[in-house]
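Below you'll find the structure, written out as structure tokens, and then a few comments.
The values are calculated or read from the model by the stated rules, or taken from the named source; none is laboratory data. The structure displayed is predicted, hence computed values, not measured ones. Ideal geometry is used to build each Cβ from the backbone, glycine not excepted, and the neighbour counts take in all protein chains shown. Remember, those area values only see protein heavy atoms, side chains included, never the ligands or the DNA or RNA. Shrake-Rupley method; radii C 1.70, N 1.55, O 1.52, S 1.80 Å.
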Amino acid sequence: ENTEENPEDPEEELKDAVFNLIEKMVFIKEIEEKNIEGLMDEVIKYFNDVVVDGNLLKEDLKKRMELSGCGVPGSGVYLLHAKSRSVREPVFGVFGTKEKMLLKNMDGQKESYRDFVLMLLPPEGYKTEGYKKTAEVFARISVLILEDKEFLTALKGQNESLFIKILLKKLK
């Protein structure tokens, strides 16, 4: 009998995607930037080994922001997310700024934000290991930000270990 685990087990693939993201995740508190452009520049520095073209990434993020606001209404959390040819692999980061930034939320209203979640994927055609599962993890994280107060509190409290613990608990 073959007792090896099925390498295509969806749950195992999902766990692998979560652990890969956490392993490469950047969690930075109290960034000095006062505007979204400066924050983007700062974020790019933290992922310089993965970002192929910083200017293209900023363009892609701006296009996504213009398409619809990226701030979660009433939460204080802003989702910087996009598919971009400017990244070689999925990128996940949590950034906190010292000062709030006035940005458009998903309802089209201006709101203050100081907590930012960065989720970047290369385009669909770009095949990286676990790409579809990583996209699923990003979708689940987005839902947690929208619907889960415990998760949101850990994110906004900028407590990295608690954030990871709750993320693992919620995504299993």
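Figures for the structure shown
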read-out	value
Cβ-derived FRET efficiency at R0 45 Å, E66 paired with K169, nearest 0.05	0.80
Pairs from K58/K83; K100/K133; K63/K149 whose Cα-Cα separation, in the structure shown, is over 21 Å	K100/K133; K63/K149
For a label point 7 Å along the Cα-to-beta-carbon line of E160, residues of the range 94-108 with backbone N under 18 Å	94-98
Angle between the chain longest axis and helix 10-24 axis [Cα atoms, degrees, rounded to 10]	50 degrees
Pairwise label distance in nanometres, E99 with M25, each label 7 Å out on the Cα-Cβ vector	2.9 nm
Candidate residues K63, K15: accessible-area rank, largest first, probe 1.4 Å	K63, K15
26 Å Cα-Cα threshold exceeded, pairs from K98/K165; K34/K110; K62/K169	K62/K169
Estimated distance in nm for a label pair at V143 and M106, the labels positioned 7 Å out from Cα along Cα-to-Cβ	1.2 nm
Added length on full extension, which subtracts the Cα-Cα distance from 0.36 nm per residue, D53 to D41	3.2 nm
